[in-house]
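Below is one structure, written out as structure tokens; comments come after it.
The values are calculated or read from the model by the stated rules, or taken from the named source; none is laboratory data. Owing to the predicted nature of the structure, the values given are computational and were not obtained by experimental measurement. Cβ coordinates were reconstructed from backbone atoms using ideal geometry, including for glycine residues, and neighbour counts include every protein chain displayed. To get the accessible areas, we keep the full protein, side chains included, count just its heavy atoms, and leave off ligands, DNA and RNA. Shrake-Rupley method; radii C 1.70, N 1.55, O 1.52, S 1.80 Å.
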Amino acid sequence: TRLLVCNRRTVHDMSPNYLDVTVNGDAAAVNFSPFGNYAVTPNSYSVAFDGSGDRLTAPSSASFAVGTVFTAEMWIYPMASAGVLCSSDVAAGGLQIGWQNSTTFGIAASGVAWRLTTASIPTLNTWSHIAAVRSGTGSNQTAIYINGAQVALGTVSDAFTTTTGENIGGASDSTAYYTGLISNLRITKGQALYTTTFTPST
């Protein structure tokens, strides 16, 4: 695990890297998550983004050069079908996950092009688990899962070797802001954690 955020009452990276996470705008941790309230589950927090200048940023790190094999997953509670959920520097061709437009969701090489998209978009005003998984750069080795169901499968050959900082809830060029909540965002490097239909952990 190279990054783990949006799961505590303060905004910190809980991965072994302990990266410095900066709050932009008034993004803030709230006691609301897919796991119930804090009295039941200690990690029952998310970060709220209002779609206007809110994002979290982590500094440049080799951890964000996810390379050939990775899993990026999170729980989201979208209030609008728009915005970037996570992205490396918008001009560097890093991994980006979010909405291409109001009817299309997917994976992009940030600042370059959308690489794998689906018309199966996350439902508004409810918690959904999102996972982008790549087991290699060959044919049909990249997938998108929503609530454990595979909604897209294709080929994404980008190297994703940029080490520029990670942006959560918006792009680095102050665009594509997300409106909603994100809980337990985790980037795992070197492992394709899901390769078939699964039940997201609660």
Considering 67, 106, 93, which residue is outside any loop (DSSP other than H, G, I, E, B) and either among the small types (Gly, Ala, Ser) or touching a Lys or Arg at 6+ places or on another chain (Cβ under 7 Å) (or both)?
-> 106
Quick check, is residue 127 touching a His at 6+ places or on another chain (Cβ under 6 Å), open to solvent by less than 50 Å² (accessible area, probe 1.4 Å) and touching a residue at least 12 places away in the same chain (Cβ under 8 Å)?
-> no
Complete set of residues in the stretch 83-97 that are open to solvent by less than 10 Å² (accessible area, probe 1.4 Å), out of contact with any Phe, Trp or Tyr (no Cβ under 7 Å at 6 or more places or on another chain) and small (Gly, Ala, Ser) = 87
Residues within the stretch 159-192 that are hydrophobic (A, V, I, L, M, F, W, C) and touching a Lys or Arg at 6+ places or on another chain (Cβ under 9 Å), tallied = 5
Checked the stretch 33-48 for anything out of contact with any strand residue (DSSP E or B) (no Cβ under 6 Å at 6 or more places or on another chain) and either small (Gly, Ala, Ser) or modelled with pLDDT of 90 or more (or both); matches are 36, 39, 44
Just name the residue that is modelled with the highest pLDDT out of those in the stretch 8-32 that are closer than 14 Å to residue 186 by Cβ, in contact with a Ser or Thr (Cβ under 8 Å, 6 or more places away or on another chain) and not polar (S, T, N, Q).
-> 21
Residues in the stretch 8-15: is at least one of a type outside the set (A, V, I, L, M, F, W, C), open to solvent by less than 10 Å² (accessible area, probe 1.4 Å) and in contact with a Cys (Cβ under 9 Å, 6 or more places away or on another chain)?
-> no
The one condition residue 90 fails out of (1) modelled with pLDDT of 95 or more; (2) out of contact with any Leu (no Cβ under 9 Å at 6 or more places or on another chain) is (1)
Residue pairs within 6 Å by beta carbon, gap of at least six or interchain, first lying in the stretch 176-192 and open to solvent by 10 Å² or more (accessible area, probe 1.4 Å), second in a strand (DSSP E or B) and among the charged types (D, E, K, R), listed first then second, are 186/73
Across (1) under 24 Å from residue 134 (Cβ atoms); (2) modelled with pLDDT of 90 or more; (3) under 16 Å from the mean Cα position of the chain (by Cα), residue 63 clears everything bar (2)
Would you mention how many residues in the stretch 193-202 are modelled with pLDDT of 95 or more and open to solvent by less than 40 Å² (accessible area, probe 1.4 Å)?
-> 1
Would a scan of the stretch 159-177 turn up a residue that is at pLDDT below 95 and more than 28 Å from residue 23 (Cα to Cα)?
-> yes
